[in-house]
Each structure stands twice: as C-alpha cells, then as structure tokens.
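What follows is a set of notes on a single structure, which appears directly below.
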Amino acid sequence: MKVLIAGAGIAGLTAALRADALGHDVEVLVKGALGDGCTAHAQGGIAGEYGPGDSPALHALDTMHAGDGHGDPVAIAALVDGAIAALDALVAAGVPFDRASDGSVARGLEAAHSLPRIAHAGGDATGKAISDALVSRVRASAVQVREGAFAADLLTAGGRVRGIRLLSGEELEADAVVLATGGAGRVYPFTTNPSGTTGDGIAMALRAGASVADLEFVQFHPTVLSGHEPFLVSEAVRGAGAVLRDAEGRRFMVDEHADAELAPRDVVARAVARQALTQGSPVVLDATGVHDLAAHFPTIDAELRSRGIDWTREPVPVSPAAHYLMGGVVTDVDGRTTLPGLWAVGETARTGVHGANRLASNSLLEGAVFGARLAEALTSASDAQLPPDPGIPGRSRYQLLPFDSDHSGRSCDLDGPSFARTALQRLMWEKVGLLRDDEGLADAVRTLHAWEAPAPRTPVEQEDANLLVVARAVACAALARTDSLGAHFRLSPALTAPAPTPSALIGAA
C-alpha cells in the first residue's frame, strides 16, 4: 500500500515508522525541514509513566476531568491503555528519558495530574529528544522523505481521497493519505507554536468536505514570557513549586481554584488574563523558591538568561498565548476520517481524548499512541470509513454556519481592514480569544466570511489561505456554542467587558 503522510512530528513519524515496518510504501511530506514543527519545541514531558498507586484508570479520570467532561471515554481509554507500550517504543527508539537514582524513568508532576506520571528528557527538552530520535530512525529506514514539499490540497476521485496536490502543482497519488500537520496556533498573533503551524491539514480536510469538530476549544498556555518574542515557561516549573503573583506580590491562584497553580490550564489562563486586565500589567511567575532551576530546566534557564532575566533571583513576567487546538478533523481511535482514503492523527485530528481542555503532557502521548494505532489499522483498512456525519454528543458543527450567514442581522459590508494575516490574527485575538462574548464572535464571523484570500501562488499565500479557512471554522464553532465549557469561555451579558487586547495581556515590549 502506498501511504502519503503530510507532517513529521511525533504523530506523523510514529505512523511512518510503524507503517514502514509493516511493509507499506511510505512517503513523508514536510513543508520545511525534517525536525521542524511543534514536537521539537515541546518543553513538557509525555504522560503515562505510572508509579506506585497510579494506573491508566486514574490517568483517564484526570484526562476527563481536565477536559471538563467533554472527552470521549473510548478514545481516552485507548490513550491511557497504550501509554506504557508507547513509552517503551520511544525508549527503544533511543529517547534518553531522565532517570531516577534507581535507574527507572523519573516521574514529574504537572497541572491537573493526580500523581507524578510525566517522563521528561533533558529536563525541559523532551520534545526535541523525541523528535531527534524519530528523525534519526526515519533517516535510517526505507521511509521516503520530501522536504520543502508544501501539501496544498487533497486529490479526490469517486468519493475517495486519492492523493495530495503540492503547491508546486505536482500531484502525488496514494492508497492512503494521512494528515499529521499539527494545529493552527498562528491563527493568533501570540502563540507558543512555531511559524509553520498554520492549520494546513485541517484546511485541506475542510476544503475536501471532511467533518471537523470542537474547533472552538483553543487552549491558551498561561505562562508565556511577556514583553518579548513568545517563549513558553513550562508547566513543569509550576509542578516543581513555582507560584503566580499579581503586581502586589499576592499569590492570586489560591483564591481561584483548590489546586491553585496546578489547576487545569484553562482555569489558570483565564485567571492570568483577568489579572492583566484589571491591573494593566502582566502577572509574574515566581520560581525563586525552586531549587536547581538550571539543572531541571536548562532550556528555559538559558533562554531567560539570554534575555537578561535571572529567575533564581527575580520573578518572570508571564501572560497567556495560544498553545493547542483540541478540535480538528474527526477521527475514530484508529485515525479514520469521514472521507474514504483519508486519515488524520496528532493535533490535526479530533480523537476526543482532550475534550474541552487538554491535560498537560497528553499531546506527545496522543501522537505516539494514535500514530501507531493508525499504522496498524492501515493493514486492514477498507473503504468503509466513519459515517459522513458521525454523531458526537455536544458537538458544535462548523457546517451549521455557512459562509454567507450574517448571524447578526447586519450588513456584511466592512469599514475595517482588508484581509491580511496580521488583521486576521488581531481579530481572532480580540474577538475569539480567551474571553468571548456573543457580539464579538458575531463580528468575527461576519468579518472572516467577508474576507477573501488571494489564490495561493507562494508558501506564504497558501498559509494565509489556510489560516482564513481555519479561523472561519473556529469562530463559527465558538459562536454556535452558547455555553461556556473548558477552554471556550463566554462572558454573560451582565459581565461583558472589553476583550483582552494584546497590550493588556502581553505587556510592553
């Protein structure tokens, strides 16, 4: 079987290596260079290293709780039941996980986990260690890799996905196409995601007619260095004892949630945003009481010091930034989509494991577990994929809101800026960000549907077109979900306040 995989993070490379081992003819398409993407940037670890008193069942409960009850129990069970095998496979691939004094894999604690079950490599360089190991394995395998190959659209014929058209115009045929292009963090101006994270796979799937779901659930990481080029300060730092303080030095999270700084990410991010709005300045992460910061978090330590911050002596100004997309292309637990011949995995996919808010360190685990499952399922694949409209309880369907719908009774004539990436990002930040209200969402939907991107001829133009497609879908899904759930938080009419502006949340440069 000829398998085309667009994307080369942990999900795509795991699927590629396993499919190659099973005898498939595998080709990986990479927009940039092999090793680019979100995986290599992941500071946090990978969940699933169970110790005394811990179990997959407890991990499943934590995952469902963090997701505000919106997760799919079947998908969550597949995730946690596959954790041990996934970690063993990464060790076999050469990932040098940090070890405890007895030689076992060390276990760390992160927010919303009941017990320490996070495996790290190089302290805060887990993603890079995993990416390097998998890239090395792929280079030594029979997997073909095309770097600088921008997958622009899906090829379809006879109701089935038959391949991929590259931006160059070249058409590549395949028996199975796998989308593993990551999320869409660049829909927002402030994000922890690298520059190429422009929702390419989700946009391709939408244009081809695949079902998507849960795109309203965008996770904003609460502790990103303020006033500079965004740089993530890992949640593991809070797991090690760092605390959040307001401008007066007060530890405000103890009043927000019983777990304080270790509350689910959506809770912490909103609390940080509210503090910034009321005080007009970023909050700070105080890690001065944490021992051996440089040893445990060498990447963060080096970056902060390069920016003139000695976090052993002074707190770090932080604010939220877009981090992870819980929704995506609807799949089953083996990666099948609603289009025959099309598969999706990793952040591109909506498996249901993350619900309305992802539990820390479940993303790398998802890529490893479901990448392997997808490859195994290819062997027994048939044309029978998911139903054209799979029933998902509580799902906000993008397709319910067509492009020509105004949703406000007002004209779609615009006096504002014409389409540009910067304008789109600012609109999404201010209207479809951390704190949302009906009027702002309706304005965003109306504006996004009035905008048109030019026909893509260059990689930047293709990325812009993809961002517009995905932004429309996110805004429509957010407008359709009238209640607050997890990372999707609506201000009630009585509490409506100005949306957080970039200056309020990010601080002066």
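The values are calculated or read from the model by the stated rules, or taken from the named source; none is laboratory data. Quick caveat: nothing in here was measured; it's all calculated off a predicted structure. No Cβ is skipped: glycine too gets one built from the backbone with ideal geometry, and neighbour counts run over all protein chains shown.
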* Of the conditions (1) within 16 Å of ILE130 (Cβ to Cβ); (2) surrounded by fewer than 24 Cβ atoms within 10 Å (Cβ to Cβ); (3) in contact (Cβ under 8 Å) with a residue 40 or more places away in the chain, ASP88 clears all except one; give me its number. => (3)
* Say whether the condition of being assigned to a strand (DSSP E or B), in contact (Cβ under 8 Å) with a residue 60 or more places away in the chain, hydroxyl-bearing (Ser, Thr, Tyr) and within 30 Å of ILE300 (Cα to Cα) is met by at least one residue in the range 170-183. => no
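I need the helices (runs of 4 or more DSSP H) fully contained in the range 51-142, keeping only those with at least 2 residues that are more than 23 Å from ASP214 (Cβ to Cβ).
Of the helices (runs of 4 or more DSSP H) lying wholly inside the range 51-142, those with at least 2 residues that are more than 23 Å from ASP214 (Cβ to Cβ) span 56-66, 83-92, 126-139.
Somewhere in the range 182-201, is a residue over 21 Å from SER363 (Cα atoms) and surrounded by 24 or more Cβ atoms within 10 Å (Cβ to Cβ)?
no
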* Asked: Is it true that LEU505 is part of a helix (DSSP H, G or I) and at pLDDT 50 or above?
  -> no
* GLY163 vs. criteria assigned to a loop (DSSP other than H, G, I, E, B) and on the phi > 0 side of the Ramachandran plot -> no
* Asked: For VAL345, are the conditions met, namely being more than 19 Å from ASN193 (Cα to Cα) and either under 20 Å from the mean Cα position of the chain (by Cα) or surrounded by 24 or more Cβ atoms within 10 Å (Cβ to Cβ) (or both)?
  -> no
* Listed residues ARG250, ARG245; which is more than 18 Å from PRO189 (Cβ to Cβ) and in contact (Cβ under 8 Å) with a residue 24 or more places away in the chain? -> ARG245
* To do: Just one of (1) in contact with a Lys or Arg (Cβ under 7 Å, 6 or more places away or on another chain); (2) in a strand (DSSP E or B) trips up ASP334, so point out which.
  => (2)
* Structure fact -> When every residue in the range 134-150 that is in contact with a Leu (Cβ under 7 Å, 6 or more places away or on another chain) and small (Gly, Ala, Ser) is compared, the one nearest to LEU87 (Cα to Cα) is SER141
* Quick one: which of VAL267, VAL237, VAL224 is under 29 Å from THR482 (Cα atoms), of a type in the set (Val, Ile, Thr), under 22 Å from the mean Cα position of the chain (by Cα) and not in a strand (DSSP E or B)? -> VAL267
* To do: Give ALA208, ALA242 a once-over and let me know the one that is under 23 Å from ASP301 (Cβ atoms) and among the aliphatic types (A, V, I, L, M).
  => ALA242
* Asked: Is it the case that GLY169 is touching a Leu at 6+ places or on another chain (Cβ under 6 Å), at pLDDT 95 or above and at positive phi?
  -> no
* Asked: When you look at GLY82, is it modelled with pLDDT under 95, touching a Leu at 6+ places or on another chain (Cβ under 9 Å) and at negative phi, yes or no?
  -> no
* **Top-ranked residue of the range 294-332 - restricted to ones that are within 22 Å of VAL283 (Cα to Cα) and among the small types (Gly, Ala, Ser), ranked as surrounded by the fewest Cβ atoms within 10 Å (Cβ to Cβ)** => GLY308
* When you go through ALA33, ALA19, ALA8, ALA15 one by one, which is the residue that is in a loop (DSSP other than H, G, I, E, B), crowded, with 24+ Cβ neighbours inside 10 Å, among the aliphatic types (A, V, I, L, M) and outside the structural domain of GLU303 (by TED's automatic domain parsing)? -> ALA8
* **Scope the range 36-45; condition under 13 Å from GLY346 (Cβ atoms) and either among the hydrophobic types (A, V, I, L, M, F, W, C) or not in a loop (DSSP other than H, G, I, E, B) (or both); matching residues** => CYS38, THR39, ALA42
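Assess whether GLY148 counts as being touching a residue at least 12 places away in the same chain (Cβ under 8 Å) and in contact with a helix residue (DSSP H, G or I) (Cβ under 6 Å, 6 or more places away or on another chain).
Against the criterion (touching a residue at least 12 places away in the same chain (Cβ under 8 Å) and in contact with a helix residue (DSSP H, G or I) (Cβ under 6 Å, 6 or more places away or on another chain)), GLY148 does not qualify.
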* Asked: Considering LEU154, LEU172, LEU167, which residue is more than 25 Å from the chain's Cα centre (by Cα) and either under 25 Å from GLU366 (Cα atoms) or surrounded by fewer than 21 Cβ atoms within 10 Å (Cβ to Cβ) (or both)?
  -> LEU172
